[in-house]
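Student: I have a structure here, written as C-alpha cells, and I will follow up with some questions on it.
The values are calculated or read from the model by the stated rules, or taken from the named source; none is laboratory data. Computed from a predicted model, the values in this text were never measured in an experiment. Positions of Cβ are backbone-derived with ideal geometry, glycine not excepted, and every protein chain shown enters the neighbour counts. Heads up: the accessible areas ignore ligands, DNA and RNA and are worked out on the full protein's heavy atoms, side chains in. Shrake-Rupley method; radii C 1.70, N 1.55, O 1.52, S 1.80 Å.
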Amino acid sequence: MTDAAMSRQASAKSGGRMKTHGKLIDLCIDVFLFGFSLLMILPLVFLVSNAFKTPQEMLSWPPRIIPSDPTLENFRSVLADTPLPRWIFNSIAFASLSMVAIVATSAIAGYVLAKFRFRSLNIIFILILATAIVPFEVYMIPLYFQAQMLGILNSIWGLLLGYLVMSFGIFLIRQNVMHSIPDELLEAARIDGAGELWIFWRIVLPLLRGALGALAVLAFFQAWTSFAWPMIVTTTRESYTIEVGLALFQTGFTVDLGRLSAASAAVLVPSITLFVILRRNFVQGVASTGLKE
Amino acid sequence: MASVDIQDVRKSYGQLETIKGVSVDVPDGAFVVLVGPSGCGKSTLLRMIAGLEDISGGTISIGGRVINDVEPKHRDIAMVFQNYALYPHMTIAENMGFSLRLARRPKDEVDKRVREVAAILGLADYLDRYPRQLSGGQRQRVAMGRAIVRSPQVFLFDEPLSNLDAKLRVQMRAELKDIHARLKTTTIYVTHDQIEAMTMADRIVVMRDGIVEQVGAPLDLYDRPNNTFVASFIGSPAMNLLDGALCEDMRSVSVGNGMRLPFAGSVPASGRVTYGIRPEHLHLVQGTDGFEAVATSVEPTGSETFIQARIGEQAIAAQIRDRVAVRTGDVIHLRAMADKAHLFDAETGRRLG
C-alpha cells in the first residue's frame, strides 16, 4: 500500500471516529432535551388528567396519569355552575382587541419614530421608553379611577384601557423598520408618486409582516394571561376574564381541584389552537425580543 | 425631455455648508455625469434635484420651471438608486408598473407599457418573479425599467452600478449608453468612478468639497484639466504631478537632481510650478536620451507595462505600450512628450499652460 493510500485510510478512520463522537453528543443532547420537555409538559398532562378524575382519585397516592374511573362530572359542574363560556369570550374579545390596538399603535408609532426626522420625536421616543420601566402596579390605581370616571368598569372597554399601547412593541417595530426598510425604498415610492399613507399601507406594513405577527402573538398572550388589571376592573361574575374566573375556584381555605382542572383544560383549547396556528410568529417573537412575559 | 438648470445652489445643515453655490446647465437630452470623491456633495445635489433634500439657496429648474418647492412626485423625474430600491414584496411586473398604477392608468395600458420596457431590457421572462429571485444585474435592470416605464423628463442615477461586479459593470455601462441613445432622455448620473464618467458622459461635472471644479466634455477634461485636482482625478492611472521650478528657457521644468522635463507653449509665470504628465505620454528610451529614473516596480499586463519609478524624491509612473525588459532597481531613461505636458501653479494648483 502506498503512503498516500495509508494516509487516506488513516484520515478516513479518524474522520469516522469523529463522526461517531459527534453522533453520540447529538444523541445525549436529544435525550436531555426530551427528558426536559417531558418535565415541562408533565404539569399540563396532569392538569388534563385531573379534569377527568373523581375527588377521591385525585387525592390518591401515587397519582395516575390515566384515570382509573374517568368522569365528565367536573366539566358538567363547571359549565352548569359558572359562566365559563362567557369568561372565555371575554378573554378572547379582550385579548383580540388589545392585540389589534397594540399592533396598530406600535406600527404607526414605530414607523414614524424610525423614519421621520424631527428633534421632538427623539424626546417622545425617550418618554415612551421610560414608560417601559414603570411597573404596571404603580399606575394601576390611577388607571382604575380613570376607568371609573369613564364609566367603563365591568366591560371589555375597561379591560382594554390599560392594554391599548405597548411601549416595548413601539420599540420593537421602530428597530425593525430601521433595520429592514431602507430609506431609498420610501424615497423611490415618493418619487413614483405615492403619498405617505399609501407608502405606510402598501410598502411599510407588508414588509413588517413578520415583526407585526410576532408582536401580535406577544400582545395577545399578554392580555390573555393578565390577571391584576382584570381583577380590579371587573367586579361582576359576567364580566370576568378566564384568569379571574379560574381564581374563583380557589378560596381562602380550599382549592376545588377537580373543577379548577376541568375549567383550565377547557381554557387550554383556544390557547393551544392559537399557538399552533401562530407557532412560527411566536417563536420569532420570543427570538427577536429575547424575553417573554 | 427637458433641460435642467442649476443656478447657485446651496445646501446647509445648520452652520455646515455642504454645497457651496453650484451652477450646472444640463441641456435637453444630454447625459451629464457628476463625479467626485466621497463627500464632495454630488449625491446631495442629485437628491436636491429629485426633491429628497431641501434646497437652502439658489434655484433648480426643469424644463424652465423652477421646482425648488415642488414635491418629488410632481417633478416628472425618475431615479435609480445604488441599492436598486425594489419593493421586495412585489413582483417585477408590479415593481415596474408601480408608478403607472399610482397614476391610475388603465390596467391594460400599464401591462402593455411594462411588457414593452421589459422587452427592451431583456426582462420579459422574469415579470412574475420577485426581486430576491433575480441576480444583481437583473435587479439593476428592473430598477432602470421602473424609471423608464414612466417616460419621465429627466432620469437621475445615483451610483447605480456600484453594487455590481467589474464585468457586469462594464456590460451595464454599455446597456445604459444604449438606452440613452434610444430614448434620448435627459440624464444626470452620479458616480465616484471616473472611468464610468469618461465612458458614458456627454459632459462631466467634477466636484470637490461642495463646489464644481470643472465642467466639460470627457476628453476636454482629460486633455486640459483646469487644476491639479481634476488632473489627478480624471484618468487612470492618474496624471504624474511633479514639483519643480520653471527653467530660464521657459521651455522646461527642473524637477530635482538637475533633471529637466520639457513642455511646449509659453506660460506667464516663473518660479515654482507643478509639472503634469500622463503616464502614457512618457516613453522608455535607450541611452542617455530623456531623463533618468530608478524603477521601483514593474507591472506587465500583457498589452502594456506599468513602470513605477523615482526621480530623486518624487514618484513617477509610466505606461509603456509594449513588453519591456526592465526590472525593479534598474536605472531607466524616460522621455516626456512636451506637447502633452501640463503646467500648474504650485500654490493654487491652477492650470498655467
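Student: Return yes when B:N68 is facing chain A (nearest Cβ under 10 Å) and either open to solvent by 10 Å² or more (accessible area, probe 1.4 Å) or modelled with pLDDT of 90 or more (or both) and no when it is not.
Tutor: no
Student: Read through the list (1) under 21 Å from B:R47 (Cα atoms); (2) surrounded by fewer than 21 Cβ atoms within 10 Å (Cβ to Cβ), then give the number of the only condition that B:P160 fails.
Tutor: The one condition B:P160 does not meet is (2).
Student: Which residue, of B:A143, B:A147, B:A166, is among the aliphatic types (A, V, I, L, M) and open to solvent by 30 Å² or more (accessible area, probe 1.4 Å)?
Tutor: Testing whether each residue is among the aliphatic types (A, V, I, L, M) and open to solvent by 30 Å² or more (accessible area, probe 1.4 Å) leaves just B:A166.
Student: Sticking with this structure for a sec: Starting from residues that are closer than 15 Å to B:A147 by Cβ and open to solvent by 50 Å² or more (accessible area, probe 1.4 Å), keep the ones in the stretch B:102-127 and report whichever is nearest to the other protein chains (Cβ to nearest Cβ).
Tutor: Filtering first and then ranking leaves B:A103.
Student: Now for a different question. Report, by residue number, each residue of the stretch A:191-245 that is closer than 30 Å to B:V154 by Cβ and touching a residue at least 24 places away in the same chain (Cβ under 8 Å).
Tutor: Answer for the stretch A:191-245, where residues must be closer than 30 Å to B:V154 by Cβ and touching a residue at least 24 places away in the same chain (Cβ under 8 Å): A:F200, A:V204, A:L207.
Student: Moving to a separate point now. When only residues in the stretch A:16-63 that are among the β-branched types (V, I, T) and in a helix (DSSP H, G or I) count, which is modelled with the lowest pLDDT?
Tutor: Restricting to residues being among the β-branched types (V, I, T) and in a helix (DSSP H, G or I), the top hit is A:T20.
Student: Please note which helices (runs of 4 or more DSSP H) are completely contained in the stretch A:147-221 and include at least 2 residues that are crowded, with 20+ Cβ neighbours inside 10 Å and more than 14 Å from every other protein chain (Cβ to nearest Cβ). It would help to see each step written out before you state the result.
Tutor: On the way: elements: A:156-161, A:167-180, A:183-192, A:196-199.
Ranges flagged: A:156-161, A:167-180.
Quick grid of which residues meet (1) at pLDDT below 85; (2) of a type in the set (S, T, N, Q); (3) buried (at least 18 other Cβ atoms within 10 Å of the Cβ); (4) out of contact with any strand residue (DSSP E or B) (no Cβ under 7 Å at 6 or more places or on another chain):
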{"site": "A:A228", "(1), (2), (3), (4)": "no, no, no, yes"}
{"site": "A:M231", "(1), (2), (3), (4)": "no, no, no, yes"}
{"site": "A:V244", "(1), (2), (3), (4)": "no, no, yes, yes"}
{"site": "A:L248", "(1), (2), (3), (4)": "yes, no, no, yes"}
{"site": "A:T254", "(1), (2), (3), (4)": "yes, yes, no, yes"}
{"site": "A:A266", "(1), (2), (3), (4)": "yes, no, yes, yes"}
{"site": "A:V269", "(1), (2), (3), (4)": "yes, no, no, yes"}
{"site": "A:I277", "(1), (2), (3), (4)": "yes, no, no, yes"}
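Student: Would you point out the residue of the stretch B:76-98, among those that are facing another protein chain (nearest Cβ under 8 Å) and open to solvent by less than 10 Å² (accessible area, probe 1.4 Å), that is farthest from B:M172 (Cα to Cα)?
Tutor: For the stretch B:76-98, the residue satisfying everything is B:F98.
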